[in-house]
Amino acid sequence: MRRTDLVVPADRIAALRIPPLAVTTGAPNPEWADIPMSVWRFRSRPALSLPLDPASAQQARRYVRLAVWAPLLGVTSQLGWAAALFSDVPRPAQAVALAVALVVLIGTQLAPTGRLPRQTPYRTRHGDVRIPAVPLSVAERWIDQNPGVTATDDPAPRPHSRPFYAAWSVALLAAAAVSAVALATNGREDFVLLWLLVPALTAAGAATASRILPRGYVSFERPSPP
């Protein structure tokens with residue numbers, strides 16, 4: 001099935017007319033679900049009500065119900081790591097803090113929290129709304145019913161600027177270096193799992209740095225001969 005991205009101009013969002021076809025599969029008689037457009041998972045608004053196939057709608061509703069707890073669990077996990085790594089506490093308390101951090105981390109990965117569909121809308125830096133991977137037949141109906149709405153196959157722009165990703169990559173790599181120095185010079189024998197924090201931060205920093213390049217960029221492409 002051929003798919004394309006829909007782009008809804010900012011001034012057309014309020015008057016948007018959405019055809020009753022699932023943006024996930026193109027099937028008629030879809031179920032409607034409010035899909036958050038914010039990158040912050042604990043915010044269910046602003047949201048856009050989209051027609052989805054039943055399975056995707058159920059997953060999306062479950063995600064919206066449970067995502068509000070994600071920041072709290074993330075903070076709990078980080079506090080556990082910090083207490084185990086930087087607090088001068090007895091070994092039993094350190095082990096408990098580390099166990100809490102690991103249980104929360106593993107639990108958030110394995111729990112059936114649902115998921116948002118691939119067609120989750122998001123706002124571009126210019127305020128427009130982009131809905132990725134919509135079936136072409138559905139996209140044509142959207143365009144017919146909403147003047148100004150367009151379809152594109154161009155790679156989606158990054159949600160943030162290059163300086164944003166550069167700053168965060170530097171911060172994450174610096175945090176990895178500080179953690180490595182702290183573990184090496186704290187004068188005690190740390191639990192081996194604490195050292196996993198260093199490669200995790202390093203990997204996160206490298207992944208963030210890779211987002212400085214635009215989508216679709218081929219770094220090793222050889223120039224064509226003149």
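Each value in this text was obtained by applying a stated rule to the coordinates, not by laboratory testing. The shown structure was predicted, so the numbers you read here are calculated from the model rather than taken from an experiment. Cβ coordinates were reconstructed from backbone atoms using ideal geometry, including for glycine residues, and neighbour counts include every protein chain displayed.
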Segment A184-M1, extension gain: residue separation times 0.36 nm, minus the distance between their alpha carbons = 60.5 nm
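Packing-wise, with mean Cβ within 10 Å as the measure, how do 201-207, 22-28 rank, highest first?
22-28, 201-207
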inquiry  = Can you order the peptides 7-16, 122-131 by their average number of other Cβ atoms within 10 Å per residue, highest first?
reply    = 122-131, 7-16
ask   = I13: net charge of surrounding residues, Cβ under 13 Å, Lys/Arg +1, Asp/Glu -1, itself excluded?
value = +2
query = Given 0.36 nm per residue, what is the gain on full extension from A156 to A209 after removing their alpha carbon distance, in nm?
reply = 17.3 nm
message = With the crude spin-label approximation of a point 7 Å out along Cα→Cβ, what separation in nm comes out for R12 versus L136?
response = 2.0 nm
Point-to-point label distance, A174-R65, nm (Cα→Cβ direction, 7 Å offset) = 4.3 nm
